[in-house]
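Below: one structure, written as C-alpha cells.
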Amino acid sequence: MKQIKSNTDTSDGWFKDNVESYSQLINTYRSRMKSVINREEDSAVIRHRSRGKFDARSRIELLTDENTPFLELSVLAAFGQYDEQFPSAGIITGIGKIHGKMCMIIANDATVKGGTYISETVKKHLRGQEIALKNNLPCVYLVDSGGIFLPEQSRIFPDHDGFGRIFYNQSQMSAAGIPQISIVMGSCTAGGAYVPAMSDETIIVKNQGTIFIGGPPLVKAATGEEVTAEELGGAFVHTRISGVADHLAENEIDAIRICRNIFELIPQNDSQHFENVSIEEPLYDPFELYGLAPIDLKKPVNIYEIIARIADGSKFEEFKQYYGETIITGYSRILGLPVGIIANNGFLTSEASLKGAHFIEICNFRKIPILFLQNISGFIVGKKYEHEGIARNGAKLIHAVATAVVPKITVIFGGSFGAGNYAMAGRAYNPDFLFMWPSSKIGVMGGQQAQQVLKSIKGNTLDRNSNLINQFEEESSAYFSTSRLWDDGIIDPVDTRKIVGLAISIASNKKCPEPKNGIFRM
Ligand code: COA
C-alpha cells in the first residue's frame, strides 16, 4: 500500500496556533468528562459507598477481564441539561470482555437520583441493547434503579421508544439467541423488575437486591398491607420462594464471580473473519492531529494529513484518486484490521457521490468495514448541478450507505451539515458506531445561512429578535449532540485510531450478510 507523505511543517506558526487552541478545547473536554466520572465529593456517592456498595464503573471494572479495554459509550449523555443532576444520564453502558468474550454491559448508577430513568437514560439503555443485538453481544445488566424518574414520566413512559421498549428488546434479543444475565445489586422496582425477570439468568445480592412490581409504599396505599422491602422482594424471597432470581450472592464480589463463571460456558460468537495483520504505528504522531483538526470550519482541511495520523503505517491505497476529488476513498488498515476509508474533501458533487457509492459496493463484496470521516457542509447547490442530476446521484450514495452490509463506523471530525450528514453515514443511517471530535459541529445548516434563508422567506415580517445564529451555534455543538445521544460519544482525536480499531473488532462479532446485488459501475 502507498504511504502518505505528510507535507505539514509542525514548526509553522499556523500549526502551533492550532495546537494551542485545540489544547484548550481538549482541556474543556477533559474537565467535562472528569466532572461526570469523578464525583468523590457528591453526597450521594459518599452515602452509596458507606452502604458498602461499589460504584457502577468499579463494578464494571471488577466484572471485565483484567487489562482489557472497556469502550464506554455516551459518557456525556444529559450533559448541560437537568441542572447537571444526571451525570452520564445515570447509566453506564459499554463493551468489554468477560472470559475473553465481548459483551455489552448496562449498569445503573444508583448515585444519580436512585438510578432512575429520564429520557436520555432510556435512550442510552436502548442504544446499548441495539448494539448488542446488531453485533450478537451477550448482555449483562447491573441493576440498581428506582425505575422511572417520576417528574419526567410523560416524556419516557408510553411511547414507541419509551421505558417499555427495554423489555421488548430483551424478548427480541433472547429470540435472537443473545444471552442476557442480570445482577441485582439494589432496587429493581415496578417496570424495572422486568429487567431481571426477563433475563436468562439472574443473580441477586443478599440483603441488598430487591425486585418488586410495587414497592412497600405502593402496596400499603393499594391494599393496606404493611411489608418491608426485604419481605416483599429480597434475595431470600426470590431465590427460595418466588423463583424470580436464580443465584444467591453473598455480596457484590460474589455476584460478579458467579456472573463471570456463567460466562465461562457461554459459547464464543460465530464471528466475521476480517483478515488481521500485525499492527504498524502511523508514521506521524497522532498528537499532531491537534494542529490539523478543524476549529474554524470554513478553512479547508487536508484530509490526507488526518488519515496519515490514524492509519497503520500511514498507508492508504487510494481508489479513483483523480475523479470526484471532493470525496476521498481508499483502502487502509487500523490496528491491523482492514478498512475502507470514505472522507470528505469539500462539497458532495455528482461525481463524488458516484465514486462513494461505487467504493461502498466494493467494500460490501470484499467484506471490508467502512470508516466515514465526516467534514461535510452538504451537497453542492446551483442550477448547473441540479440540471446534471445532483439529487439523483446523491440518492445513489445515500442508498449505498443505507444498505451497506459491512460494519460502518462514523467519525465526525469537522462539520456535519444538511444531507451531507445522511450521505456520510449520520446517525439515521445506522452506523455501528458514531463518534465526534470535541470541535465538530452538527446541524441542518450553519446559523448564518439559516438566518439568511428565513430572512429571504419572511422578509420584513421576520421577528427582529429572532437570532438563529446563536441558537444554531449552541444546538450544533458536539456537546449538545452527545447530551441527546445523537452519537456514541465525544472522543479525543488522539484516541480515534484505538477506538475505531476497537469498534471494528466489536462489529466482527456478527457475520456480515451477503450483498443483494452485484457491483453497479456508476
Ligand atoms: N422518581 C423521582 N425521584 C426519585 C425516584 C423516582 N422514582 N426514586 C428516587 N428518587 C430520588 C429521591 O427523591 C432522591 O432525590 P434527592 O437526591 O433530590 O433527594 C434521590 O432519588 C435518591 O433517592 P433516595 O430514596 O434518597 O435514595 P436511596 O438510595 O435510599 O433509595 C430507591 C433509592 C430507588 C430505593 C428509593 O428512592 C425508592 O424506592 N424510590 C422509589 C421507587 C419507585 O417506587 N419507583 C416507581 C417508579 S416506576
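The values are calculated or read from the model by the stated rules, or taken from the named source; none is laboratory data. None of the values given here were measured: they were computed from a predicted structure. We place every Cβ from the backbone using ideal geometry, glycine too, and count neighbours over all the protein chains shown. For the accessible areas, the whole protein counts, side chains as well, though only heavy atoms, and no ligand, DNA or RNA atoms are used. Shrake-Rupley method; radii C 1.70, N 1.55, O 1.52, S 1.80 Å.
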Within the range 20-44, count every residue that is open to solvent by less than 80 Å² (accessible area, probe 1.4 Å) and within 16 Å of the ligand (Cβ to nearest atom). 3
Within the range 423-466, count every residue that is outside any helix (DSSP H, G or I), touching a residue at least 12 places away in the same chain (Cβ under 8 Å) and not β-branched (Val, Ile, Thr). 19
Would you tally the residues in the range 314-373 being charged (D, E, K, R) and under 17 Å from Ala395 (Cα atoms)? 3
Scanning the range 205-219 for residues that are within 15 Å of the ligand (Cβ to nearest atom) and farther than 15 Å from Gly147 by Cα, the one least open to solvent (accessible area, probe 1.4 Å) turns out to be Val205
Kindly evaluate Ala222 against the criterion of being within 16 Å of the ligand (Cβ to nearest atom) and free of Cβ contacts under 8 Å to residues at least 40 places away in the same chain. yes
Need the failing condition index for Ile469 against (1) surrounded by fewer than 18 Cβ atoms within 10 Å (Cβ to Cβ); (2) hydrophobic (A, V, I, L, M, F, W, C); (3) under 30 Å from His273 (Cα atoms), just the number. (3)
Quick one: how many residues across the range 45-58 are surrounded by 15 or more Cβ atoms within 10 Å (Cβ to Cβ) and within 16 Å of the ligand (Cβ to nearest atom)? 6
Going by the conditions given, is Asn364 out of contact with any Pro (no Cβ under 6 Å at 6 or more places or on another chain) and open to solvent by 10 Å² or more (accessible area, probe 1.4 Å)? no
Verdict on Ile328 being farther than 25 Å from Pro515 by Cβ, of a type in the set (A, V, I, L, M, F, W, C) and modelled with pLDDT of 95 or more: no
Please specify each residue of the range 233-249 satisfying the condition of being within 34 Å of the chain's Cα centre (by Cα) and open to solvent by 20 Å² or more (accessible area, probe 1.4 Å). Val244, Asp246, His247, Leu248
